[in-house]
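The values are calculated or read from the model by the stated rules, or taken from the named source; none is laboratory data. What you see is a predicted model; the values in this text were computed from it and never measured. Glycine gets a Cβ as well: all are built from the backbone with ideal geometry, and neighbour counts include every protein chain shown. Side chains are part of the model used for accessible areas, which takes the heavy atoms of the whole protein and leaves out ligands, DNA and RNA. Shrake-Rupley method; radii C 1.70, N 1.55, O 1.52, S 1.80 Å.
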Amino acid sequence: MSQSAVAEIPLQPGRPRRFLKPETQTAMLFLLPSFLGFMIFMALPILASLALSFTNWQLIWTPSFVGFQNYIKLFTVDPAFYAILRNTLFFAVEYLAVNIIVSLTLAVWISSLKRGKAIFRVIFFLPTFTPTIAASVVWLLIFTPDGLADTIIRALGLGLPNFLLSSSWAMQAVVLVTLWANVGYNVVMFNAALDLVPKHYLEAATIDGANAWQRFWRIRLPLISPTVFFATVMTAITSLQVFDEIFAMTRGGPGSATATLGFAIYQKGFTNFQMGYASALAWVMFVMIMALTILQFHMQRKWVHYDD
């Protein structure tokens, strides 16, 4: 075909190419409000706190860049930092272990009941609806000197000191109140997972002579291990961020016996107005939570069983 013949062939009008399909444009339109909310209320404040951690901003004066000075002060100068870090880890480890054991025990007990399961689920879940500050104030009145707790301790002849005035027992009071307020969430979640375990597995194990403990340890616990893993991760994250109970009950005392990272961030930022230093503390907490979460996801391969 000659070049003149090719030039005479009329060109077919092509359809205009769209950058995105109509359904994709609709999806993006619906996702836009959530995306804007995330950027305004999550991403930008996070980046702002990171920038503030490299300044000496004290809320009134204009902030000036100080580099890593806040972080160096945290790890080398501040005498209270390692005590706060130790308190935070102590609370997180104790509360996480007690919460998982108690909630799992209560869930197994509720699952074994023939009647009244729903009532007990509601009873144990009710404290999660209670504002933590309000519940902590009530517990403060219980633990106050000559309060209900002291009266019971004296009546039983246990010889224990007042919890809130003892540097050795104050953290135990905080753990107890936090456990009371939050254990119901894991109880309901574990109980729902236990009810989903196929009955014929347990019946077959019973026929083979397995007792109640063997049925739980070798059948029910492995089958609900993904739920236990999820509860462990979420409980660990919230335990590292504990603040409300300490603020309402002890204000970090006596001395610094119950001062944790969450309370120290509030104290440095809104009492001492050291916003840059408080932001550096917040980022230390963030790194701890991320490291613990990554470690948990790494270790789950050894004990979590997914149904493939």
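Take the range 63-90 and flag every residue that is assigned to a helix (DSSP H, G or I), surrounded by fewer than 14 Cβ atoms within 10 Å (Cβ to Cβ) and not hydrophobic (A, V, I, L, M, F, W, C).
Across the range 63-90, the qualifying residues are Thr76, Tyr82, Arg86.
Say whether the condition of being under 19 Å from Asn99 (Cα atoms), outside any loop (DSSP other than H, G, I, E, B) and of a type in the set (Gly, Ala, Ser) is met by at least one residue in the range 201-223.
no
How many residues, within the range 104-153, are hydroxyl-bearing (Ser, Thr, Tyr), within 14 Å of Ala192 (Cα to Cα) and open to solvent by 40 Å² or more (accessible area, probe 1.4 Å)? Step through it out loud before you land on a result.
As a first pass, look at the range 104-153 and keep what is hydroxyl-bearing (Ser, Thr, Tyr): 105, 111-112, 128, 130, 132, 136, 144, 151.
Imposing the further condition that a residue be within 14 Å of Ala192 (Cα to Cα) reduces the set to 105, 111-112.
When the remaining residues are screened for being open to solvent by 40 Å² or more (accessible area, probe 1.4 Å), the result is 105, 112.
So the answer is 2.
Quick one: which of Ala118, Ala97, Ala107, Ala134 is without any contact (Cβ under 8 Å) to a residue 40 or more places away in the chain, part of a helix (DSSP H, G or I) and either in contact with a Phe, Trp or Tyr (Cβ under 8 Å, 6 or more places away or on another chain) or within 28 Å of Met275 (Cα to Cα) (or both)?
Ala134
Residues of the range 154-164 being open to solvent by less than 50 Å² (accessible area, probe 1.4 Å) and either among the acidic types (Asp, Glu) or without any contact (Cβ under 8 Å) to a residue 24 or more places away in the chain (or both), which ones?
Asn162, Phe163
Would you please name the residue that is surrounded by the fewest Cβ atoms within 10 Å (Cβ to Cβ), looking only at residues in the range 165-182 that are closer than 25 Å to Val122 by Cβ and in contact with a Phe, Trp or Tyr (Cβ under 7 Å, 6 or more places away or on another chain)?
Step one: filter the range 165-182 for residues closer than 25 Å to Val122 by Cβ, giving 175-182.
Narrowing further to those that are in contact with a Phe, Trp or Tyr (Cβ under 7 Å, 6 or more places away or on another chain): 175, 177-179.
Numbers: Val175: 20, Val177: 24, Thr178: 24, Leu179: 16.
The extreme case among them is Leu179.
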